[in-house]
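Participant: I have a structure here, written as structure tokens, and I will follow up with some questions on it.
Each value in this text was obtained by applying a stated rule to the coordinates, not by laboratory testing. It should be emphasised that the depicted structure is a prediction, and the values quoted were computed from it without experimental measurement. FYI the Cβ positions are ideal-geometry reconstructions off the backbone, even for glycines, and counts take in every protein chain you see.
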Amino acid sequence: MSNNQIVNRDDLVVRFAGDSGDGMQLSGTLFSDASALTGNDIATFPDYPAEIRAPHNTIAGVSGYQVHVGSHIYSSGDKCDILVAMNPASFKSQLKWAKKGATVIVDADTFTTEAMEKAGYKENPFTEEFEHAYTIVHAPITSFTQRIGQELGADKKTADKSRNMFALGMIFFLTNKTLEKTNAYLERKFAKKPDVVKLNKAVLSEGYEYAEKLELIHSKIVEVAQAQMPKGRYRNITGNVATAWGLLAASERSGRRLFLGSYPITPATDVMVELSKHKGLGARVFQAEDEIAGICSAIGASYAGALACTSTSGPGLSLKSEALGLAVMTELPLVVVDVQRGGPSTGLPTKTEQSDLNQALYGRNGEAPLIVVAASSSANCFYWAYTAAKLALEHMTPVILLTDGYLGNGSQLFRIPKVADLPSITPRLAKPNDPDYRPFRRDPETFAREWALPGMEGLRHRVGGLEKCPDGPLSTDPENHALMVYNRQEKVNRVANYIPEQEVKGNPDADLLVVGWGGTAGALTLAVEELNNEGKKVAYTHFNYICPLPKNTGDILRKYKKIVVCELNNGQFAGYLRTQYPECPMHQYNKVMGLPFEVGELKAEFERLLEM
Amino acid sequence: MERHFVPKTDAEYTKIDFTSDQMVKWCPGCGDHAILASLLAAFPKLHDKKENICMVSGIGCSSRIPYYVDTYGFHGIHGRACAIATGVKLANPELSVWVNMGDGDSMAIGGNHLIHAVRRNQDLDITIFNNEIYGLTKGQYSPTTKFGQVTKTSPFGTIDYPFNPGELVMGAQGTFFARTLDCVPALTTDIMVRAAEHDGTSVIEVLQNCMIFNDKTHAAITDRAVRDDRTIVLEHGKPMIFGKEKNKGLRFNGRQLEAVTIGENGITIDDIMVHDETTEDTGIHMMLAHMGGDLPVALGVIRNVKKPSYTQLYEHQMDECKASCKYTCVDDLLNSGDTWEV
């Protein structure tokens with residue numbers, strides 16, 4: 001193709017949508033991988049239903065995967081430039097995610113009367129008006145794929161499974177990318193099935209050529225700018241895998257065996273699935289009979305000296321509440337990963353939300369403080385899992401790490417660190433045969449107790465859920481209880497002495513301070529950056545350390561005339577900040593739709609507040 | 001596959017070595033005292049390194065036992081002792097892990113954890129103190145309380161059918177089940193030693209008397225006057241004989257077990273069943289565990305079957321994975337697959 005057909009862009013958003021079995025997650029992943037390998041920054045957002053295979057061609061069964069590629073990517077993007085819709089149901093339900101004027105590729109073969117009715121269309125959706133508003137490509141994806149299948153001797157069912165490759169081939173042409181990486185992937189993935197490799201490669205290439213021949217979309221070829229990233233070695237990673245790897249790294253660095261006791265739950269399961277692969281690296285994974293056994297086994301493992309973890313999502317965290325209290329009481333290191341989803345109860349299992357914050361902070365009986373941290377990007381789940389483990393082992397306390405479905409399932413570029421360059425982790429191990437060992441003797445600075453492991457000589461002791469005195473035995477003495485409650489709280493409070501100060505980004509001299517926490521950083525960063533670029537003044541601070549808060553939090557909040565706390569819940573972090581800084585009035589921007597923030601809605605809200 | 005993980009010692013321990021300095025706070029006359037004494041007598045016979053013994057319990061009177069034994073101990077939360085113990089053993093297979101629970105702890109709130117621990121066959125030694133009542137909360141019916149019994153929460157008699165712990169264990173494919181009485185401490189000690197020697201989950205049910213809230217609940221079989229006729233102590237390879245005169249025995253009549261008297265109706269010793277604790281099929285063991293009423297309650301080791309334990313399988317898999325792992329460290333993993341330099 002000639003150069004004058006190409007439009008240069010800083011970024012591009014592509015959304016793949018189809019039936020749950022149509023392979024849209026794979027198309028999306030292959031596109032993002034190929035983009036990353038050719039130098040783009042990326043972020044992805046899988047948007048899939050809770051049902052595994054809902055009835056064919058229904059809205060309930062639509063599975064989407066959005067990929068944002070470009071030079072400088074913070075989030076998976078608001079709305080897409082290119083929408084691929086593999087059937088009428090996905091077209092109907094996903095069109096709202098397409099920008100006006102977007103290129104919409106549909107599998108024309110699937111728009112039968114029956115399928116359109118199933119999707120809820122009473123008449124043909126492709127009106128003249130519609131065709132003017134979008135660049136619509138009626139691609140004969142199914143028939144072309146089946147023809148290739150026939151030529152290669154594949155049965156219809158097998159051929160249909162490769163329809164996603166046709167769409168992917170078209171996208172590769174439209175984004176001026178070659179098929180090389182994906183072909184290599186297909187050869188690796190189906191190494192044992194040469195027929196499948198052949199079919200998929202042929203369909204992929206057919207899609208590419210089909211798009212090339214189609215004059216309608218020639219003018220739309222987009223060359224996305226290369227990313228300007230710090231030097232280093234990179235890879236693509238999802239938040240859940242990053243979390244698992246962060247725990248593995250912490251285990252290696254701390255010298256403590258990694259134990260994960262978990263029960264499958266969406267969207268956290270992949271943390272356990274990933275660690276299950278790594279017994280070879282020493283990961284001791286235990287699929288428990290329920291959520292409670294998951295955390296209790298982890299507490300037992302912690303008592304026995306492991307870096308013990310449990311991974312879950314909201315309903316699972318509820319079930320773990322009592323045991324979390326036990327971990328607080330026994331002052332054992334424990335990492336609880338909560339990949340948040342829409343709640344309450346079973347809620348929206350596959351959708352994202354930040355509504356477990358209150359549960360993480362307060363969801364236990366008694367005075368039961370613990371550390372809460374939150375990851376803010378798919379890639380930095382690695383560092384926050386690592387940090388959670390470090391804090392747990394060095395401060396002898398349970399730590400809850402909050403991620404969410406958006407971070408956990410989404411993927412991003414990850415600059416690969418060297419484990420040796422990560423901060424050191426020094427567990428508070430007791431010394432065998434120490435005549436002065438007492439179970440609740442504390443470090444005078446951190447207030448952390450020592451960890452005496454069964455098997456160590458001369459340190460036999462008992463722990464448990466009943467209140468103990470500092471020497472170890474049970475005590476119901478009123479003064480002792482007051483002292484132990486104080487000590488456990490003070491131990492968590494003092495973690496603030498060991499964490500970095502909170503930073504302000506954007507324009508620190510602004511009147512408006514945007515406050516965020518956890519998985520919303522991408523959209524918030526971009527919204528604030530765009531407003532500042534447009535000449536507005538907005539400051540921004542994003543929290544990863546939730547409990548305790550960084551020491552300078554109050555100083556920051558008190559500096560700004562207007563504060564808006566943005567979160568995907570009804571204001572839990574805002575409420576938490578108000579209890580600590582009642583002198584600071586705060587606005588809230590909340591969204592509880594199971595969806596991440598969009599940059600557009602944030603900018604509109606911030607502009608409104610600026611004008612107030 | 002057959003590996004033992006708990007390090008042994010030549011040290012000659014005595015009961016005193018395992019007695020903690022904590023005051024035992026059970027009611028005077030409680031059956032728990034005798035169970036504790038049996039345990040303290042069993043430990044020196046095992047030659048497990050003292051530092052490697054870990055007692056795990058849940059909540060209830062029985063669950064105070066870790067405080068009274070001078071080993072490592074974890075007094076957990078209600079029902080979760082098996083789950084906690086599972087983690088202890090998985091994190092360090094060199095520990096000898098003992099679980100102590102009551103009937104409510106193990107079969108009501110902790111029923112799920114018990115059956116799954118048994119199903120997995122991890123190397124845990126579980127003792128269930130069965131007094132058929134909630135004692136620590138002062139007398140409510142438990143999952144083993146006799147049908148129709150009046151308790152504080154069943155003033156008109158229970159309409160709950162009770163569990164039989166042995167049947168539960170067999171139903172969950174358990175490999176070791178034994179039953180004993182608090183008032184026969186020597187048998188209890190022997191059984192505890194056998195349980196510890198078994199590779200896999202061992203469950204011991206101790207019929208224990210709560211003299212405050214359910215006194216004499218087991219009296220129909222434990223009273224000296226009737227005990228020999230109402231119970232049978234099973235021994236592997238020996239005929240199933242019981243009775244004061246040692247003249248009664250158990251016979252399988254093709255449909256069920258029946259008690260017979262040797263010398264009556266032409267019955268000889270050859271008609272009496274010989275106990276085989278090692279049969280993999282649970283049929284006879286289930287019948288033995290079920291006995292009561294017209295048949296004597298079975299004591300001793302009812303089932304003791306060899307099957308690779310979860311501990312052995314787990315460590316074997318860990319070793320194999322380590323031997324074939326393509327990564328030597330986490331850095332290798334981080335750099336695996338598609339990566340590129342910027």
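Participant: How big is the dipole moment of region A:398-491 about its Cα centre under a simple scheme where the beta carbon of each Lys and Arg is +1, that of each Asp and Glu is -1, and everything else is neutral? Debye, nearest 20, please.
Facilitator: 260 debye
Participant: How long are the semi-axes of the equivalent ellipsoid of region A:549-612, defined as square roots of 5 times the Cα gyration tensor eigenvalues? Whole Å, largest first.
Facilitator: So the three semi-axes of region A:549-612 are 21, 15, 9 Å.
Participant: Find which of A:SER302, A:LEU317, A:SER254 sits farthest along the positive direction of the dipole of region A:222-343, computed with +1 on the beta-carbon of Lys and Arg, -1 on that of Asp and Glu, about the Cα centre.
Facilitator: Ranked along the dipole, the leading option is A:SER254.
Participant: Given a cut-off of under 8 Å on Cα pairs at least six residues apart, what relative contact order in percent is computed for region B:1-126?
Facilitator: With pairs under 8 Å counted, the relative contact order is 25 percent.
Participant: Counting only C-alpha contacts under 8 Å and six or more residues apart, can you give the relative contact order of region A:521-612 as a whole percent?
Facilitator: Relative contact order of region A:521-612: 32 percent.
Participant: Any idea what log10 I(q)/I(0) is at q = 0.08 Å⁻¹ for chain A, Debye with uniform C-alpha scatterers and no solvent?
Facilitator: Per q value, in the given order, log10 I(q)/I(0) is -0.61.
Participant: Let me ask something else. If we sort B:231-242, B:112-123, B:81-92 on the protection proxy, mean other Cβ atoms within 10 Å, highest first, what's the order?
Facilitator: B:81-92, B:112-123, B:231-242
Participant: Over the Cα atoms of region A:171-225, each weighted equally, I'd like the Debye log10 I(q)/I(0) at q = 0.17 Å⁻¹, rounded to two decimals.
Facilitator: Log-scaled intensity ratios, in q order: -0.58.
Participant: May I ask for the net charge around A:VAL285, where only other residues with Cβ less than 13 Å from the Cβ of A:VAL285 are counted and Lys, Arg are +1 while Asp, Glu are -1?
Facilitator: Taking every Cβ under 13 Å from that of A:VAL285, the sum is +2.
Participant: Next up: Relative to the longest principal axis of chain B, what angle (0 to 90°, nearest 10) does the C-alpha long axis of helix B:310-324 take?
Facilitator: 20 degrees
Participant: Across bins of 10 angstrom width beginning at 0, how are the C-alpha pair distances of region A:355-394 distributed, in whole percent?
Facilitator: So the P(r) values, bin by bin, are 26, 45, 26, 3.
Participant: Report, by chain and number, residues whose modeled amide H sits under 5 Å from the one on A:GLN588, excluding near sequence neighbours (fewer than 5 apart, same chain).
Facilitator: Excluding prolines and chain starts, which carry no amide H, the hits are A:VAL565.
Participant: Can I ask one more? From the gyration tensor of the Cα coordinates in region A:497-612, what semi-axes in whole Å does the equivalent ellipsoid have, largest first, with each one equal to sqrt(5λ)?
Facilitator: 20, 16, 14
Participant: So, one more: Would you mind working out the magnitude of the charge dipole of the protein assembly as shown relative to its Cα centre, with +1 at each Lys and Arg C-beta and -1 at each Asp and Glu C-beta, to the nearest 20 Debye?
Facilitator: That gives a dipole near 560 debye.
Participant: Where the centroid of each part is defined by its Cα atoms, how far is region B:66-94 from region B:18-50 in Å?
Facilitator: When both Cα centres are located, 16 Å separates them.
Participant: Can you give the average number of partner chain beta-carbon atoms within 10 Å of each beta-carbon in peptide A:463-475, as a whole number?
Facilitator: For peptide A:463-475, the averaged partner shielding equals 3.
Participant: For A:GLY207, what is the net charge nearby, where nearby means another residue's Cβ is under 13 Å from its Cβ and Lys, Arg count +1, Asp, Glu -1?
Facilitator: Residues close to A:GLY207 contribute a combined charge of +1.
Participant: Related question: Mind checking A:323-335 for the average number of partner chain beta-carbons within 10 Å of each residue's beta-carbon?
Facilitator: Rounded to a whole number, the mean comes out at 1.
Participant: Please give the helix A:291-303 orientation as an angle from the longest Cα principal axis of chain A, in degrees from 0 to 90, rounded to the nearest 10.
Facilitator: So the inclination is approximately 50 degrees.
Participant: Another question, then. Looking only at other chains, what is the average number of their beta-carbon atoms within 10 angstrom of each beta-carbon in B:58-65?
Facilitator: 1
Participant: Still on this structure, please answer the following. Working from Cα positions, state the angle (0 to 90°, nearest 10) between the long axis of helix B:185-197 and the longest principal axis of chain B.
Facilitator: That helix lies at roughly 30 degrees to the long axis.
Participant: Here's another thing I want to ask about it. Given just the C-alpha atoms of region A:372-482, how large is their convex hull per residue in cubic angstrom?
Facilitator: 157 Å³
Participant: On to the next question. So what are the radius of gyration and Dmax for the Cα set of region A:237-421, in Å?
Facilitator: Expressed in Å, the Cα Rg and Dmax of region A:237-421 come to 14.4, 42.
Participant: Sticking with this structure for a sec: In straight Cα distance, which lysines are under 16 Å from B:LYS326, not counting same-chain residues fewer than 8 positions off?
Facilitator: A:LYS277, A:LYS279
Participant: With +1 assigned to the C-beta of every Lys and Arg and -1 to the C-beta of every Asp and Glu, and no other charges, what is the dipole magnitude of region A:505-611 about the Cα centre in debye, to the nearest 20?
Facilitator: Roughly 340 debye, rounded to the nearest 20.
Participant: For region B:266-342, evaluate the Debye formula with one uniform point scatterer on each Cα (no solvent term) and list log10 I(q)/I(0) at q = 0.11, 0.18, 0.23, 0.25 Å⁻¹, rounded to two decimals.
Facilitator: After summing over all Cα pairs, the log10 values are -0.58, -0.91, -1.12, -1.18.
Participant: Relative contact order for chain A using alpha-carbon pairs under 8 Å, separation at least 6, rounded to a whole percent?
Facilitator: Relative contact order here is 11 percent.
Participant: With a sphere of radius 14 Å drawn around the Cβ of A:THR58, what net charge do the other residues whose Cβ falls strictly inside it have (Lys, Arg +1; Asp, Glu -1)?
Facilitator: Around A:THR58, the charge tally is -2.
Participant: If you wrap region A:1-106's Cα atoms in a convex hull and average its projection over all directions, what's the area in nm²?
Facilitator: 7.1 nm²
Participant: Please arrange A:PHE31, B:PHE213, B:PHE177, A:PHE126 by counting, for each residue, the other beta carbons lying within 10 Å of its beta carbon, fewest first.
Facilitator: Listing A:PHE31, B:PHE213, B:PHE177, A:PHE126 from fewest to most nearby Cβ atoms yields A:PHE126, B:PHE213, A:PHE31, B:PHE177.
Participant: Restricting to the protein assembly as shown, compute how many DSSP beta bridges are antiparallel as a %, nearest 5.
Facilitator: 35 percent
Participant: Over the Cα atoms of region B:1-57, what radius of gyration and what Dmax do you get, in Å?
Facilitator: Rg then Dmax for region B:1-57, in Å: 13.6, 46.
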